[in-house]
1. Could you list all residues from the range 257-266 that are surrounded by 13 or more Cβ atoms within 10 Å (Cβ to Cβ) and not aliphatic (A, V, I, L, M)?
2. Can you find even one residue in the range 110-118 that is among the small types (Gly, Ala, Ser) and at pLDDT below 95?
3. Run down ARG130, ARG115, ARG91, ARG97 and say which single residue is within 26 Å of TRP269 (Cβ to Cβ) and without any contact (Cβ under 8 Å) to a residue 60 or more places away in the chain.
4. Please verify whether ALA439 is surrounded by fewer than 17 Cβ atoms within 10 Å (Cβ to Cβ), of a type outside the set (D, E, K, R) and part of a helix (DSSP H, G or I), treating the condition exactly as stated.
5. Looking only at the range 331-344, which residues are free of Cβ contacts under 8 Å to residues at least 24 places away in the same chain and buried (at least 17 other Cβ atoms within 10 Å of the Cβ)?
6. Taking ILE423, is it in a helix (DSSP H, G or I) and either touching a residue at least 60 places away in the same chain (Cβ under 8 Å) or on the phi > 0 side of the Ramachandran plot (or both)?
7. Contact list please: Cβ distance under 7 Å, first residue in the range 441-469 and free of Cβ contacts under 8 Å to residues at least 24 places away in the same chain, second residue assigned to a helix (DSSP H, G or I), pairs at least six apart or on different chains.
8. Tell me the strands (runs of 3 or more DSSP E) entirely within the range 135-249 that contain at least 3 residues that are crowded, with 22+ Cβ neighbours inside 10 Å, in the same structural domain as ARG370 (by TED's automatic domain parsing) and in contact (Cβ under 8 Å) with a residue 12 or more places away in the chain.
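The values are calculated or read from the model by the stated rules, or taken from the named source; none is laboratory data. In this text the structure is predicted, and so the values were computed from the model without any measurement. Here the Cβ is made from the backbone with ideal geometry for all residues, glycine too, and neighbour counts use every protein chain on show.
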Amino acid sequence: MKSMGAGMVAERTGVWPGRQVDRPKRLARSATCEMLESPDGGTRATHSRRTFLGRGFAALGFPMIVPARVLGGPGAPSNRVTLAAIGCGGRGGAVHRGMASLEGVQYLAAVDPFRDRRERFVQTLDEQSRYGAAAKPCADFREALARGDIDAVVVCTPDHWHVPIAIAAARAGKDMYVEKPLGVSLRWAKVLREEARRRGIVFQYGTQQRSDPKFRFACELVRNGRIGELRRIEAWCADISSQYQAFHVKEFGSTEEVPVPEGFDYDLWLGPAPPAPFTVDRCTSYGAWHIYDYALGFIAGWGAHPLDIAQWGKDADHTGPVEYWGTGTLPSKGLYDTVSSWDVMCRYADGIEMRFMDHRAARDVIAKYRTASDHGTTFFGTRGWVSVDRRAVHASDPAWLRTKFGPGDSRLYDSPRHDQNFIDCARSRRPTICTLEAAIRSDTISHLSDIAVRTGRKIAWDPVREEIVGDGAAARMLDRPARGPWVV
């Protein structure tokens, strides 16, 4: 979701101001050595591009292209971070333009199954690039991954493609910025975790609120005990109804089959998802966000933001709630079939409960103590509460908003700009502000909340083993079958 501007929104609230980001030092980088690691630990010559593309996703288990950063040094011929844009639609366009504006960053590929979209975006990238025209358009992400001159990928595809592409990118030795949410299968996310760990991949999750000073300040108030002992949390976000006015066709999407547009690789767009008739609404943003084959809906796509802040403020990036129960609704007609409203309780092992709601369910709840909004996270403690959204930080005691933290206080990771943090970490190999582990843990909350709504049952979760306890049918919902050749 796009960031909103900051400002004052209520009498008892304020905004913790941000600051300008310093330009990073440009580090030397080497040319890429295109050797592949064989299963027995030796090396062999790179596969041809034809072989690489022909083997599909499942064949990417062993090879790893050695990226430029591994051999980089002061005398190396290049110090740029080279990127591939994977997914060039609305959200992708915004993310890629931001990345391309950074010093020492160059896009070399623009990947999208819509021919006009990728070709148009290449022109945008080339016009913005300070290094001249160099970005190449392609439909298939594997073509970009096969290139040894690309250091990292920026994945802004529909949700069902996030993790499969990220796994392939990890196996190709590419660092990655991946938009939220992670996707439709927690098992796939665990595979990505192992692949990324094995290869030392730098991962940045697209939950950009962590790089907004308001959210860091609110979480620091909680971490440093300004609200007293933390007792409960409320998190909420927009649901599908926030987009009703944007649907210019049948409510919840048309199911009428129509011809696939020329220049669009529909089979590649579907990828691991099951085959389905093409309709005018299926491959739009709304279809990608609200069809269960491709996403969990806004319970994850929007929910990733307030849940990520809840986890950050609670210091729970390594764990999550152990029980989930609640109610919700599903559309009764049309193409879109993700959870359309929800009100779920989540209990952590220490007894702290979090109420996770859509914005309609939250409206009256939030209005009891602060100005209502369609998203936010509130922490309640023994001394009062602090609440944050993209407009402002709110607090039961306005004096807390003037807090100046001292040397003895706990301070959180300071990243004034999310995309810059990724580029800096790709150079330094330092963990990003929102790691893959944090992403998996917050995404788990969305998945288990969705399962609680769909089953109507209380879901017990073991955050150590990362398994649903005592409910085999619910446990099977944590995975999705993948259509060949995209088996994860």
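1. Passing the criteria: PRO261, GLY263, PHE264, ASP265, TYR266.
2. no
3. On the way: ARG130 fails: within 26 Å of TRP269 (Cβ to Cβ); ARG115 fails: without any contact (Cβ under 8 Å) to a residue 60 or more places away in the chain; ARG91 fails: without any contact (Cβ under 8 Å) to a residue 60 or more places away in the chain.
Among ARG130, ARG115, ARG91, ARG97, only ARG97 is within 26 Å of TRP269 (Cβ to Cβ) and without any contact (Cβ under 8 Å) to a residue 60 or more places away in the chain.
4. no
5. Filtering the range 331-344 down to residues free of Cβ contacts under 8 Å to residues at least 24 places away in the same chain leaves 332, 343.
Across the range 331-344, the qualifying residue is only ASP343.
6. Values: in a helix (DSSP H, G or I): yes; either touching a residue at least 60 places away in the same chain (Cβ under 8 Å) or on the phi > 0 side of the Ramachandran plot (or both): yes.
It is true that ILE423 is in a helix (DSSP H, G or I) and either touching a residue at least 60 places away in the same chain (Cβ under 8 Å) or on the phi > 0 side of the Ramachandran plot (or both).
7. Matching pairs, first to second residue: THR455/ALA474; GLU467/ALA475; ILE468/ALA474; ILE468/ALA475.
8. Numbers: elements: 136-138, 152-155, 175-178, 203-205, 230-237.
Output list reads 230-237.
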